[in-house]
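The values are calculated or read from the model by the stated rules, or taken from the named source; none is laboratory data. Please read all numbers here as calculations on a predicted model, not as lab measurements. Backbone-built Cβ (ideal geometry, glycine too); neighbour counts: all protein chains shown.
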């Protein structure tokens, strides 16, 4: 059930991708199904979790590194999962009516569900390394969401800024997690939470705390790294409502709560976290007052509230943690409703500028009522949920630590927060719904569709219900979440609207009246609508980014201004220096095992001599491109023969197929390039290049020589011993590729697919016009067109044969994929691209996608049986007529490899075959 809960958003993404041509309504229902079903699964767990049970599931992945696919659902994860899924349902409903017809709803909801799945994975993770994986996935998916309107510069800048800041924080978090694993000896969350004393007593505790807090502060926009969050307001409002209420920015405070038992309890934690939280609390609230954009005001207020939560966790007392968790719930409800209300105003008025709004209560009475109630909840007015957690915050601030001076400072910061919070909430209400206006709006203000208001109404009702009946509504949820955070250290508490006359209540009253006076004094004494207040962090970030691009441009101009020749020169120089560095001071290590060489047969010497001659011939004729290509083909063929001589038939077949494909590709490319390549301008450069080539060749030769004379007791013996009994394959090369190191192969075919897509993307703008055809090769090949038709079924038969025998004899998916590509390539060269497309009509883009999906399914199948990813299974069948047929489950994964290789190779070559001649000639001449 935990796996189902985590998988639902990702399954919904796949469903939306398959139904991308469906109506917007259908796409929205598919998107809503994931969180709705997820809430059902969460409800199934609720009785056990509220009783203190922690449902868990774990599957070893890389046990040697401490990485496991571990999921656990304690009270804290249960609460956050409820926020992610519950508010997610409302956001999907709201977005259905917010997006315009020009917006791609499949892409938007796909990104949104990807983010939802990443957040669920993060809160459910029972292994810290797995948590970091999902943490980074939230950064990537939020980048896609913030930059959804990619045609807008502010969206692109905001997305890049968010990814840069949170990505750097993610790297720091990974470092902290690795140090925690080193201290504890495990990355499992249960072990880490139980080892708090060992972590705090470790010499590495300051480094651990600094790295983990870097991740927390960047993700939750704490000072001075808060400036990225307002720039993320360029995203569509449903994204802002989701990311900045219940998900993205809450990830940091979630991690702070999750690791609180392991990291809190020291003066270092207390002062650092509390100080940063207090500064963020005031900076965010102050800047919020002077924002003219509704979403900008809400963004800075979010920063302030995140500072409040961080401050509460920094105080570290049990009741401060209770208040922090409580405010996470409250902030999610009123902030999501406020963002959606701001989106309604923008949608129905054509602007979010407070200087042009006003008096909207006359035009949008229902939206105004909902937004005003949510604003009052944000300000902490009694009988609303924000008041309860704010009063708890005041109480904890008055009792903060043993340092009297620090306690007074925190209490003053809390009171100022009450004043500023009321001021910016009042500005939101007054400038949007009261006063005079509106002014020169592009459209006549009006109420939105009722279904667009329902999500706002649901959240506002929750604000009222929690504020009036806390013991009946939120107290059981809060108690469960606190138990999941503090465990046995969770305090006893009760929520009530009235606790009598006390100092926290006096601070609340003072904050309300002070905020009213402060806001109207600002309006009277200061031109509030003329104020432009920007944070220096954004400016500093932009200056650094521009300086980085300038430095990179100068470096590129120095290193690569001469084209690929200079780039290759510096690349080879750096490679030689790095490769030679370990041998400095130990030159004897360069030539190990002298005198221990083995004799080589006369055929090997002949092959070696021809290979050397062909290589030198390539150097001699490299200026004549077609001649050089023919000689290079001969070199590749000789390498294939060398592999065959050394008893490596798989490598020989692979090399032979690769040669065929690459030679065909280069033949097509030569058709668009000048016949002669440029020569080095001066003899000095030619001698320099020759010397560098000789040194590089000697280095690679020496490395190969050392490898061949290395000790024979290597891992290869173990691979040979395990291949047949454990992976059910006699061909150890294929077993290594699809089983022992199958994850490497999966990464390699992914890279191959990405490379094919990049080539396609770079060249698709240069398509031939419909009335043009691809020209023939530089030298017309004397191959009849009918012969190319006969080659394909023959090659298909050979390809399938190589594929099916690959697990027990030379062959496999990679070789078979290239084998089937060869006849298609010949047809491209002989008859042109249009003839091939008319004959086959294969969609290579979808083929790449299907191949990756098949390979993924082949890898995930082993998880069903409790085995690691890509573990191979085996079955022996006795079939009529066919007889005994052994089958390995690795065949499914190899099928994915087969399809990706074939489709990727043909995508690159078919794209190359439909490029305009004139443009590439101009580029080749340049």
* To do: Mind listing whichever residues of region 483-496 are surrounded by 14 or more Cβ atoms within 10 Å (Cβ to Cβ) and either assigned to a helix (DSSP H, G or I) or more than 41 Å from the chain's Cα centre (by Cα) (or both)?
  => 483, 484, 485, 486, 487
* Asked: Is it the case that some residue within region 502-512 is out of contact with any strand residue (DSSP E or B) (no Cβ under 6 Å at 6 or more places or on another chain), within 24 Å of residue 165 (Cα to Cα) and surrounded by 12 or more Cβ atoms within 10 Å (Cβ to Cβ)?
  -> no
* **Conditions (1) over 37 Å from the mean Cα position of the chain (by Cα); (2) within 30 Å of residue 812 (Cα to Cα); (3) at pLDDT 80 or above; (4) assigned by TED's automatic domain parsing to the domain that holds residue 623: number failed by residue 659** => (1)
* Quick check, is residue 442 over 30 Å from residue 264 (Cα atoms), surrounded by fewer than 16 Cβ atoms within 10 Å (Cβ to Cβ) and touching a residue at least 60 places away in the same chain (Cβ under 8 Å)? -> yes
* Give region 454-482 a look and list any residue that's more than 33 Å from the chain's Cα centre (by Cα) and under 25 Å from residue 411 (Cα atoms), or say none. => 467
* Residues 684, 638: which one is in contact with a helix residue (DSSP H, G or I) (Cβ under 8 Å, 6 or more places away or on another chain) and in a helix (DSSP H, G or I)? -> 638
* Got a number for residues in region 142-178 being assigned to a helix (DSSP H, G or I) and under 13 Å from residue 232 (Cβ atoms)? -> 18
* To do: Test residue 129 against the criterion of being under 29 Å from residue 262 (Cβ atoms) and either modelled with pLDDT of 95 or more or surrounded by fewer than 24 Cβ atoms within 10 Å (Cβ to Cβ) (or both), and give yes or no.
  => yes
* Regarding residue 406, is this residue more than 24 Å from residue 328 (Cα to Cα) and either touching a strand residue (DSSP E or B) at 6+ places or on another chain (Cβ under 7 Å) or part of a helix (DSSP H, G or I) (or both)? -> yes
* To do: Would you check if residue 500 is without any contact (Cβ under 8 Å) to a residue 60 or more places away in the chain and either on the phi > 0 side of the Ramachandran plot or in the same structural domain as residue 367 (by TED's automatic domain parsing) (or both)?
  => yes
* Asked: How many of the residues making up region 704-725 are surrounded by 12 or more Cβ atoms within 10 Å (Cβ to Cβ), in contact with a helix residue (DSSP H, G or I) (Cβ under 9 Å, 6 or more places away or on another chain) and modelled with pLDDT under 80?
  -> 1
* To do: Go through 626, 665, 670, 645 for me and flag whichever is at pLDDT 80 or above and under 28 Å from residue 821 (Cα atoms).
  => 645
* Asked: Regarding residue 522, is this residue under 28 Å from residue 228 (Cα atoms), surrounded by 11 or more Cβ atoms within 10 Å (Cβ to Cβ), in contact with a helix residue (DSSP H, G or I) (Cβ under 9 Å, 6 or more places away or on another chain) and not assigned by TED's automatic domain parsing to the domain that holds residue 229?
  -> yes
* Structure fact -> How many residues of region 263-288 are surrounded by fewer than 24 Cβ atoms within 10 Å (Cβ to Cβ) and touching a residue at least 40 places away in the same chain (Cβ under 8 Å)? The answer is 13
* Structure fact -> Restricting attention to region 192-204, the residues that are crowded, with 17+ Cβ neighbours inside 10 Å and free of Cβ contacts under 8 Å to residues at least 40 places away in the same chain number exactly 1
* To do: Collect the residues in region 605-635 that are outside any helix (DSSP H, G or I) and either surrounded by fewer than 15 Cβ atoms within 10 Å (Cβ to Cβ) or not assigned by TED's automatic domain parsing to the domain that holds residue 664 (or both), keeping them in residue-number order.
  => 623, 624
* Identify, by number, the condition in (1) surrounded by 11 or more Cβ atoms within 10 Å (Cβ to Cβ); (2) modelled with pLDDT of 75 or more; (3) not assigned by TED's automatic domain parsing to the domain that holds residue 644 that residue 590 doesn't meet. => (2)
* Asked: From 310, 333, which residue is crowded, with 23+ Cβ neighbours inside 10 Å, within 15 Å of residue 221 (Cα to Cα), outside the structural domain of residue 80 (by TED's automatic domain parsing) and in contact (Cβ under 8 Å) with a residue 24 or more places away in the chain?
  -> 310
